[in-house]
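Reading through the structure tokens given below for one structure.
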Amino acid sequence: MDVSIIIVNYNTLRLTRDCIESIKEKTHGVDYEIIVVDNGSTDGSRELFENNRDVVYIYSAKNGGFGYGNNIGIKHAKGKYLLFLNSDTLLLNNAIKEFYDYAETHALKAIYGCYLQKDDGSYSGSFHYFPSFTVGDFIKGKFYKKSYAPDYTNKEVECICGADMFVPREAIAEAGMFDENIFLYGEEGELQRRMMKKGYKRMLINTPKIVHLEGQSMGESYKKLTIKMESHFYILCKHATFANYFLLRMFYTLLYTVICLPHLGNQDARTFLKSLYLR
């Protein structure tokens with residue numbers, strides 16, 4: 001098996017169905033399997049996918065988060081490469097073959113992503129940066145603006161977007177699987193940081209074409225902000241020294257407070273602030 005495509009589904013029946021159809025329509029010339037890990041959906045996903053012979057469907061009664069679902073997929077995957085693909089993506093060309101061919105013909109110790117696009121054809125964020133794990137890096141980041149602009153060249157970046165991560169199986173063997181303590185947000189960056197420490201580059205390549213519908217699998221809310229906050233603080237605690245973690249946490253606590261102050265009439269905002277100071 002060349003490639004195992006792992007899609008985590010949670011109440012995104014339509015998105016996941018369309019993603020699978022785009023894979024089937026566009027992919028040829030490479031041996032692949034589609035693994036759908038369902039984190040306890042209640043929207044009819046189980047009834048639709050359970051008997052679908054085009055996918056390996058795995059139902060989990062527990063919704064343990066994005067990393068948890070991907071780890072289940074990893075344990076069932078047979079491929080030489082693993083493609084972690086968001087349910088809210090659509091393939092526009094033979095993207096999986098493009099990833100596979102590039103990885104096979106370039107002697108790089110690397111994982112790969114591509115330049116994603118929105119459904120209107122405009123650029124969608126495809127890479128980002130690790131959070132600052134020292135106060136010095138944090139201060140430096142405030143004076144030296146980091147570029148997020150695409151140049152559509154094949155290049156190394158700091159961190160690939162988690163919507164499409166093409167990963168050699170041995171990278172998982174060396175760095176470990178997703179950290180299941182992170183329910184959502186930042187888990188791909190935390191994993192890539194461990195891979196970086198094992199010598200893996202993070203490469204963007206320009207031949208795969210994928211649409212990312214950008215978060216349609218989860219709307220904006222204070223619940224989302226709470227999950228982001230918890231993930232951010234956990235990752236800082238895991239990778240920063242205690243002194244740096246303490247100072248950075250103080251800063252971000254103040255930042256989140258300032259953001260929420262104009263919305264104190266909103267019960268969700270008050271609940272969020274309460275959780276911020278009690279953690």
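Restricting Phe133, Phe138 to residues that are at negative phi, touching a helix residue (DSSP H, G or I) at 6+ places or on another chain (Cβ under 8 Å) and part of a loop (DSSP other than H, G, I, E, B) narrows the list to Phe133.
Conditions tested, residue by residue: (1) in contact with a Ser or Thr (Cβ under 8 Å, 6 or more places away or on another chain); (2) under 18 Å from Tyr81 (Cα atoms); (3) in contact (Cβ under 8 Å) with a residue 24 or more places away in the chain; (4) loosely packed, with under 15 Cβ neighbours inside 10 Å.
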| site | (1), (2), (3), (4) |
| --- | --- |
| Val135 | no, no, yes, no |
| Tyr144 | no, no, no, yes |
| Ala163 | yes, yes, yes, no |
| Val167 | no, yes, yes, no |
| Ile172 | no, yes, yes, no |
| Phe178 | no, yes, yes, no |
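The rows are residues; the columns are (1) in contact with a Phe, Trp or Tyr (Cβ under 9 Å, 6 or more places away or on another chain); (2) closer than 30 Å to Tyr57 by Cβ.
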position	(1), (2)
Thr89	no, yes
Tyr112	yes, yes
Ser124	yes, yes
Phe133	yes, no
Lys145	no, no
Val157	yes, no
Met165	yes, yes
Glu174	yes, yes
Met177	no, yes
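Thr253 falls short on exactly one of the conditions (1) over 19 Å from Val135 (Cβ atoms); (2) in contact with a helix residue (DSSP H, G or I) (Cβ under 9 Å, 6 or more places away or on another chain); (3) not charged (D, E, K, R), and that condition is (1).
Within the range 1-18, being more than 17 Å from Lys97 (Cβ to Cβ) and crowded, with 18+ Cβ neighbours inside 10 Å holds for Ile6, Ile7, Val8, Asn9, Tyr10, Asn11, Thr12, Leu13, Leu15, Thr16. What is the residue count in the range 59-111 for residues that are in a strand (DSSP E or B) and among the hydroxyl-bearing types (Ser, Thr, Tyr)? Total meeting the criteria: 3. With the structure loaded, tell me whether Val37 is assigned to a loop (DSSP other than H, G, I, E, B), modelled with pLDDT of 95 or more, surrounded by 16 or more Cβ atoms within 10 Å (Cβ to Cβ) and assigned by TED's automatic domain parsing to the domain that holds Pro168 or whether it fails that test. Considered against the rule, which asks whether it is assigned to a loop (DSSP other than H, G, I, E, B), modelled with pLDDT of 95 or more, surrounded by 16 or more Cβ atoms within 10 Å (Cβ to Cβ) and assigned by TED's automatic domain parsing to the domain that holds Pro168, Val37 comes out as no. For Leu213, indicate whether it is within 17 Å of Ile160 (Cα to Cα), in contact with an Asp or Glu (Cβ under 7 Å, 6 or more places away or on another chain) and modelled with pLDDT under 95. In short, yes.
Applying the criterion of being part of a loop (DSSP other than H, G, I, E, B) and among the aliphatic types (A, V, I, L, M) to the residues of the range 153-189, the residue that is modelled with the lowest pLDDT is Leu184.
The values are calculated or read from the model by the stated rules, or taken from the named source; none is laboratory data. Since we're looking at a predicted model, the values are computed, not measured. Don't worry about glycine lacking a Cβ; one is built from the backbone with ideal geometry, like all the others, and counts go over all protein chains shown.
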